[in-house]
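Contents: one structure, followed by commentary.
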Amino acid sequence: RKIIIESSRSPIESKKKILIVNRFDTAEPEAVASLLKTIEEPSLSTIFILLAESVPDSHVTISSRCVRVDVPAMTAERLADLLKSEGVETEDAIRLAEASAGNLGRARLLQEDASFIIRQEAWRTLPDRLDGSGAAVSIAVEELQKMIDDAQSPLTDRHNQELEHLGQQEEVFGTRGSGRQEVIERHKREIRRLRDDELRFGLATLSRQYRDLGIASDNSEGLDAVEIITGATLELIRNPNERLLLQALFLNLSTKI
């Protein structure tokens, strides 16, 4: 709604107004549908830039109205060099670059995360713990989800503080126009983004480990495992049930290597 309202306003500082919508691929289908007419028939002074890592099925109609520009991810080598130029130790820079999949913002976030290496190691050692049994799969899924929950805790604490502050404002000024629903929706998006980033980071770590194991054993099972993990990663755009996705993935991987 804010995007629609903002797009209807005339620019103040120049002849054109540019609206940048980040992570548009995470927008709910209902929100996408409500924006269709606005983006399809923008005012002459408004330019939309929609940023997305992929184009879900629900976004295809809007995508067809846009000029698509593919921006490749920063390579791990280039990102590591950038981090080193900022004073990060070489070994840490390489680790962060690989874990963040070319995302500078994600790399800087992980740099401040003391438990990042523990989570990375849990994903990296997963092939050694998948013995083909359902019990091993269940334990691994439980462990990794707990780690993701722990990684989410600082964000949840910040959200609770924001809601507490908002509640204090509502006691003074009333609830009308407080924007509580918008805040709650933003919190949901931020949590979804964090968990999505954590899963992508974990799956990328797991994929590299199976690739290395496949090279070391000189057979095709490593590449088969990488293909399976890639398929699971692509499913993330559909916002699947985390537990079911990981259970199915780990069961498939239990027979590899």
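Each reported figure results from applying straightforward, stated rules to the coordinates on display, with no laboratory input. These figures come from a predicted structure and were not determined experimentally. In this analysis, Cβ positions are derived from the backbone assuming ideal geometry, glycine residues included, and neighbour counts consider all displayed protein chains.
Some points to look at:
- Note on segment 51-105 and segment 186-225: Cα centroid distance 15 Å, given to the nearest whole angstrom.
- Net charge dipole size for the chain [Lys, Arg +1 and Asp, Glu -1 on Cβ; Debye, nearest 20]: 1120
- Inter-site label distance for E77 and A248 at 7 Å from Cα along Cβ, in nm: 3.7
- Förster radius 35 Å - calculated FRET efficiency between L163 and I47, Cβ distance, rounded to 0.05: 0.50
- Neighbour-limited loop hits for GluC sites (Glu not before Pro), segment 1-49 (at most 13 other Cβ within 10 Å; DSSP other than H, G, I, E, B): E13
- The H on the amide N of I47, modeled in the peptide plane, is under 5 Å from the matching H of K17, I18, L19, each at least 5 residues off or on a different chain.
- Charge dipole (the chain, unit charges on Cβ, about Cα centre) - positive-most of I12, G105, L144: I12
- Between I47, V32, N22, the Cα set farthest toward the positive side of the dipole of the chain (charges on each charged residue's Cβ, about the Cα centre) is that of I47.
- Its relative contact order, with pairs defined as Cα atoms under 8 Å and 6+ residues apart, puts the chain at 17 percent.
- Annotation for S63 and R108: the two label points, set 7 Å from Cα along the Cα-Cβ direction, are 2.9 nm apart.
- Span-like helix ranges in the chain, DSSP H, alpha carbon extent 27 angstrom or more, Kyte mean at least 1.0: none
- Estimated dipole of segment 113-253 in Debye, rounded to 20 [Cβ of Lys and Arg +1, of Asp and Glu -1, Cα centre]: 380
- Only Lys, Arg (+1) and Asp, Glu (-1) charged, at Cβ; segment 2-64 dipole about Cα centre in debye: 400
- Candidates per GluC sites (Glu not before Pro) in segment 53-97, loop by DSSP, up to 12 other Cβ within 10 Å: E86, E89
- Reported label for calculated Rg/Rh (Cα atoms, Kirkwood Rh) given (i) 0.99; (ii) 1.02; (iii) 1.07: (ii)
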